[in-house]
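One structure is given below, encoded as structure tokens.
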Amino acid sequence: MKSLKTLRKQSIKAAKLSFKTGQLDETNAKKFIKSFKALPLGESVPSLNYYLRAIKREISKTTLTVFSASKITTAQEKVLENDFKKNYRILKTESEIAPSILGGVKVKIGDVIYDNSLRSKVTQVAQALNN
């Protein structure tokens, strides 16, 4: 049986190879899934789990998610998308309403978060006053 570390590395490599020009290539993905399913059960389940997580991570690298306290307009969404396209490859933009941020926006691309929310600013002021 292969070690979990080896299975993880192979699964992550397979996930990266499942993308062409930033888009998921379903044909390649199905081939990898089929090959993982053919492994013994003790290797198949962890491999598929690692592969799924890696696929989600790769997709999130090209997805711009905008959190705001209230619904933003399509024009505002496009402005943010164009600003972030200067430094990131964005294939999909999503917006979510998050009343807890109070105002402003919070933007997420992959593992990177830009927080320009009112809640964040209030927290920064409170921390500065406490120090």
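Values in this text are rule-based calculations from the coordinates and carry no lab data. Just so it is clear, the structure is predicted and the values come from calculations on it, not from any experiment. FYI the Cβ positions are ideal-geometry reconstructions off the backbone, even for glycines, and counts take in every protein chain you see.
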Return the long-range amide H neighbours of Ser95 (sequence gap of 5 or more, or a different chain), with a cut-off of under 5 Å between placed amide H atoms.
Val66
Here segment 95-111 yields Karplus 3J(HN,Hα) values (6.51, -1.76, 1.60; θ = phi - 60°; whole Hz; Gly and Pro given as x) of 10, 10, 8, 10, x, 5, 7, 6, x, x, 9, 10, 10, 10, 9, x, 9
Along segment 12-20, what does the Karplus equation 6.51 cos²θ - 1.76 cosθ + 1.60 (θ = phi - 60°) give for ³J(HN,Hα), rounded to whole Hz, x for Gly and Pro?
5, 4, 4, 4, 5, 6, 7, 10, 10
Using helices alone, what [θ] at 222 nm do you get for the chain, with -39,500 (n - 2.57) per DSSP H run of 4 or more residues, divided over all residues and rounded to the nearest 500?
-17500 deg cm²/dmol
Answer label for semi-axes √(5λ) of the Cα gyration tensor in Å (calculated), chosen among (i) 27, 18, 12; (ii) 37, 19, 11; (iii) 35, 20, 11
(ii)
Write down the percent of antiparallel bridges among all DSSP beta bridges whose residues are both part of the chain, to the nearest 5.
70
Equivalent ellipsoid semi-axes, segment 50-116, via Cα gyration tensor eigenvalues times 5, rooted, Å
21, 14, 10
What dipole magnitude, in Debye to the nearest 20, does the chain give about its Cα centre under +1 on Lys/Arg Cβ and -1 on Asp/Glu Cβ?
620
